[in-house]
Every structure is written in structure tokens, then in C-alpha cells.
Amino acid sequence: MSPLVRDLPYEIVVVDDESVVCELLKQGLNEDNFLVTGVTRPEEARDVVMAKQPCLVILDMHMPGIDGLGVLKEIKRVAPEIPVVLLTGYAGAVGRDEARRLGACDVLSKPVNWNYLRSIAYLSSFLRDPIQ
């Protein structure tokens with residue numbers, strides 16, 4: 001058994017107003033034994049995160065209504081220990097700097113480097129439940 005294979009699936013919450021993005025991330029991360037919940041309405045993200053207590057939240061930065069930075073603030077207010085990665089299709093450094101200041105562990109550009117995102121997911125699961 002590979003040292004990266006865990007006995008229990010770990011939960012990840014993906015928040016993106018585009019359901020196709022949620023589904024693609026869900027399919028890919030499910031293959032790595034993560035349980036993924038997709039949320040397409042940013043105003044529901046905080047409640048889902050509180051209910052699921054995931055090892056990682058993957059959050060789109062630009063959404064209608066509450067943007068990713070607003071959702072990040074809410075998540076960090078109620079669950080500061082949960083790592084959050086923001087995804088953006090825009091190259092501006094201003095949002096990236098603000099996201100990091102608010103507690104995001106990383107900000108990734110779309111299209112996402114899949115191997116890098118998987119590495120973050122694995123690291124988050126190990127931080128959540130270190131190997132004994």
C-alpha cells in the first residue's frame with residue numbers, strides 16, 4: 001500500500017458557481033479517495049463547511065453575489081483551522097494578496113495544475129490526521 005493511500009476517505013468541499021467545475025473537481029478527487037461535496041451557491045458554503053468539517057475547501061474567487069473573498073472571510077471566521085485554496089481565472093495580484101491576507105493557503109490560476117492541487121489535497125488530509 002502506498003504511503004499516500006489512506007484508509008478513510010477525507011472530505012473536500014468545492015465551492016464554484018459553475019456546476020461543471022464542481023463536477024470535474026469532484027470526479028478527479030474522488031479517484032484519489034476523497035469525498036467531494038460540490039456547492040454552487042456561495043451563500044450556502046459556510047453551512048456546508050461547518051456540517052462537513054472537510055480537510056480542505058477549494059473556492060472560486062469570482063462568483064455572483066458573495067465573491068470568493070467574502071466566503072473565505074466567513075469560513076475563516078467560523079473554522080480558521082480548515083485550509084482554503086482559491087481558484088481564479090484572472091491574473092491580478094490584488095485579489096491574490098488579499099486572499100492570502102485573509103488566510104487562504106494558496107491561490108491557483110485556472111486551468112488548475114492538477115498534480116499541484118492533488119498535492120495540496122493530500123497534504124491537507126495528512127495535516128488533518130497525521131500518520132501515527
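A short reminder: the numbers here are calculations on the coordinates, not readings from a lab. All values derive from a computational prediction rather than experimental measurement. Don't worry about glycine lacking a Cβ; one is built from the backbone with ideal geometry, like all the others, and counts go over all protein chains shown.
Points to keep in mind about this one:
- Members of segment 75-93 that are surrounded by fewer than 18 Cβ atoms within 10 Å (Cβ to Cβ) and part of a helix (DSSP H, G or I): 76, 77, 78, 93
- Note on segment 80-124: among residues that are under 26 Å from residue 50 (Cα atoms) and of a type in the set (Lys, Arg), the one that is nearest to the chain's Cα centre (by Cα) is 118.
- Per-region count, segment 49-74, residues touching a residue at least 40 places away in the same chain (Cβ under 8 Å), over 16 Å from residue 128 (Cα atoms) and in a loop (DSSP other than H, G, I, E, B): 3
- Residue count for segment 19-34, restricted to those that are loosely packed, with under 13 Cβ neighbours inside 10 Å and closer than 21 Å to residue 66 by Cβ: 2
- Residue in segment 21-39 that is among the hydrophobic types (A, V, I, L, M, F, W, C), more than 17 Å from residue 9 (Cβ to Cβ) and outside any helix (DSSP H, G or I) present: yes
- Residue selected from segment 26-43 under the condition touching a residue at least 40 places away in the same chain (Cβ under 8 Å) and touching a strand residue (DSSP E or B) at 6+ places or on another chain (Cβ under 7 Å), by the criterion nearest to residue 110 (Cα to Cα): 29
- Per the listing 118, 96, 100, 46, the residue uniquely farther than 19 Å from residue 19 by Cα, part of a helix (DSSP H, G or I) and touching a residue at least 24 places away in the same chain (Cβ under 8 Å) is 118.
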